[in-house]
């Protein structure tokens, strides 16, 4: 951040988490910057057969991406779904989607409008508020952290209440500066996303190489000059001539695992118990394993 020039003057925002902000920035609650969950515009209901975009939760990415493949008629979605228009901002309010960062800035909706999952909080920017700036605000880690703390409900049904969103305090530069900030973030996040994509592809290629290396070693051996023969097994193809081809059951025995139940988790001879979730192809989790009595294995 050292290459950014400071503003001429700063002030105390009056909001603990914000601290000091540029003097000309306004501090106000989100309710004064955006309309929450706006109503359907009346003219849209005139033609109930009109096609509109339909956005289920799975169509919204954790990176802000949006899948616009699905459409439905107004008659099918006018009741029981969230409503939004181009340039509206939305975030998933239900756990774990909220914590995972699901949210988007709606663009390119069919007919400029759409309907979708009711687990969205929709924000429509008011005059003087840039939609991209608002979108970055609700993506910020502070908004997400405070929203997580404000969740109500139990277990997997916890949700961020609208009252939290309405009362969330943030700073708002003049719209020209909001646009400048948004443009800067567009460029920087695109650059970071491109780097992540390259690194992800590189990791995928390394994993493919790893698997290919293992497969070649266990099916062809390490000597490239060894004499080969047809294995008689389609997927194996040719194998070293001196290798024996047989079923696994001829060389190994298969033992069924023991179920972990209340009768086996107490006793004087407890040992760690591996569950399916603890065993992966390339590693075994040994942290926080349950324990089972080694002498109490009979069904």
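The values are calculated or read from the model by the stated rules, or taken from the named source; none is laboratory data. This structure is a prediction, so every number in the text was calculated from the model and none was measured. Here the Cβ positions follow ideal geometry from the backbone for every residue, glycine too, while neighbour counts run over all protein chains shown.
Counting just the residues of the stretch 86-113 that are without any contact (Cβ under 8 Å) to a residue 40 or more places away in the chain and closer than 24 Å to residue 33 by Cβ, which one comes out surrounded by the most Cβ atoms within 10 Å (Cβ to Cβ)? Let's see the steps before the verdict.
Of all residues in the stretch 86-113, those without any contact (Cβ under 8 Å) to a residue 40 or more places away in the chain come to 86, 90, 92, 100, 112.
Now restrict to residues that are closer than 24 Å to residue 33 by Cβ: 86, 90, 92, 112.
Values: 86: 15, 90: 27, 92: 23, 112: 14.
The residue in question is 90.
Just to be sure, is residue 104 part of a strand (DSSP E or B), touching a strand residue (DSSP E or B) at 6+ places or on another chain (Cβ under 8 Å) and at negative phi? Criteria met by residue 104.
Which residues, counting only those in the stretch 121-131, are under 29 Å from residue 157 (Cα atoms) and free of Cβ contacts under 8 Å to residues at least 60 places away in the same chain?
Narrowing the stretch 121-131 to residues under 29 Å from residue 157 (Cα atoms): 121-125, 131.
The answer is 131, and nothing else.
Here the stretch 106-141 is the region considered, the condition is being more than 16 Å from residue 181 (Cα to Cα) and under 16 Å from the mean Cα position of the chain (by Cα), and the residue that is modelled with the lowest pLDDT is 141. Within the stretch 167-182, being touching a strand residue (DSSP E or B) at 6+ places or on another chain (Cβ under 8 Å) and assigned to a helix (DSSP H, G or I) holds for 167, 178. For the stretch 13-31, the set of residues classified as loosely packed, with under 15 Cβ neighbours inside 10 Å, under 31 Å from the mean Cα position of the chain (by Cα) and not in a loop (DSSP other than H, G, I, E, B) consists of 28, 29, listed by residue number. Of everything in the stretch 32-49 that is within 32 Å of the chain's Cα centre (by Cα) and part of a loop (DSSP other than H, G, I, E, B), the residue that is modelled with the lowest pLDDT is 41.
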